[in-house]
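**Student:** Dropping the structure in here first, questions after.
The values are calculated or read from the model by the stated rules, or taken from the named source; none is laboratory data. Since this is a predicted model, take the numbers as computed values, not measurements. Here the Cβ is made from the backbone with ideal geometry for all residues, glycine too, and neighbour counts use every protein chain on show.
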Amino acid sequence: MTLRGLIFDFDGLIVDTETATLDAWRAVHREDGLEGDPAVLHQVVGHAGIDADLWVAYPPDRDRDQLEARFFAATRAACRLAPVLPGVIDLLDEAASAGLRLAVASNSSHGHVEGHLAARGLLGRFASVSCREDVARPKPAPDVYLAALARLGLAAHEAVAFEDSLPGHAAAAAAGLRVMVVPNPSTAGDHFAHATWRVGSMGEVTLKKLEQLVLAQEFAAGGVQGAVLQ
């Protein structure tokens, strides 16, 4: 068994900031008597930064900077109340008890990720937090996952990445990692071509099952029939 570490995306994977962000974006529109199409916001899920296309429901001459300022303020307020997603704490507890090394690899900023982890008493669970400031290229480039692996002192085959977005899972796969995809409501309909495995929620993942999946995948890669989950 080679599993020695787990690397987690943050937004929509550890904390449900994706729903909070969507709620904030819709609230800005509704304050102006508009209804935003969630598909517009979905196009930037998992990408670093946002762009003016988020505001296609508004007239072209509407001040985008003012809209984004309102959006960011509403998002910060909503994210403060966002819950840790089901199953996350249990898996972190199991992994820590087994001596696995844990890291976060995110397209968001250190302030955002570490602030929300600290507020929920989770920051100390992770040996490292790698964010967009640490790398030249954000996801879907592999840089942030390569940085996380280097900080953990692990090779890619010794770890599993957890992701909820298309660019995120592509980044993890490009870094050579096995990828457990756990879609959020915004990405549930996406086709994750680079996923090693896919589950409906983190609540479906236990360390025992994950180790069995890794073992089965290693056996399959060696031409041996994989293990059956119990």
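**Student:** Could you tell me how many of the residues in region 124-141 are without any contact (Cβ under 8 Å) to a residue 60 or more places away in the chain, touching a strand residue (DSSP E or B) at 6+ places or on another chain (Cβ under 9 Å) and under 23 Å from residue 186 (Cα atoms)?
**Tutor:** 1
**Student:** Next question, about the same structure. Please determine, by comparing only the residues of region 184-198 that are out of contact with any strand residue (DSSP E or B) (no Cβ under 7 Å at 6 or more places or on another chain) and without any contact (Cβ under 8 Å) to a residue 24 or more places away in the chain, which one is surrounded by the fewest Cβ atoms within 10 Å (Cβ to Cβ).
**Tutor:** My answer is 191.
Here's the yes/no breakdown for (1) at pLDDT 90 or above; (2) assigned to a helix (DSSP H, G or I); (3) within 20 Å of the chain's Cα centre (by Cα):
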position	(1), (2), (3)
18	no, yes, yes
67	yes, yes, no
74	yes, yes, no
82	yes, no, yes
95	yes, yes, yes
104	yes, no, yes
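**Student:** Looking at this structure, is residue 100 of a type in the set (A, V, I, L, M, F, W, C) and in the same structural domain as residue 199 (by TED's automatic domain parsing)?
**Tutor:** Yes.
**Student:** While we're looking at this one, here's another question. Among the candidates 205, 181, 144, which residue alone is touching an Asp or Glu at 6+ places or on another chain (Cβ under 9 Å), crowded, with 21+ Cβ neighbours inside 10 Å, without any contact (Cβ under 8 Å) to a residue 24 or more places away in the chain and closer than 25 Å to residue 19 by Cβ?
**Tutor:** 181 is the lone residue from the list that is touching an Asp or Glu at 6+ places or on another chain (Cβ under 9 Å), crowded, with 21+ Cβ neighbours inside 10 Å, without any contact (Cβ under 8 Å) to a residue 24 or more places away in the chain and closer than 25 Å to residue 19 by Cβ.
**Student:** Another question, then. Restricting to region 155-165, what's the tally of residues that are buried (at least 22 other Cβ atoms within 10 Å of the Cβ) and not aromatic (Phe, Trp, Tyr)?
**Tutor:** So the count comes out to 6.
**Student:** Considering only region 52-73, I want to know if a residue exists there that is surrounded by 20 or more Cβ atoms within 10 Å (Cβ to Cβ) and in contact (Cβ under 8 Å) with a residue 60 or more places away in the chain.
**Tutor:** no
**Student:** Give region 145-160 a look and list any residue that's in contact with a Lys or Arg (Cβ under 7 Å, 6 or more places away or on another chain) and either among the aliphatic types (A, V, I, L, M) or more than 24 Å from residue 211 (Cβ to Cβ) (or both), or say none.
**Tutor:** Those that are in contact with a Lys or Arg (Cβ under 7 Å, 6 or more places away or on another chain) and either among the aliphatic types (A, V, I, L, M) or more than 24 Å from residue 211 (Cβ to Cβ) (or both): 152, 154, 159, 160.
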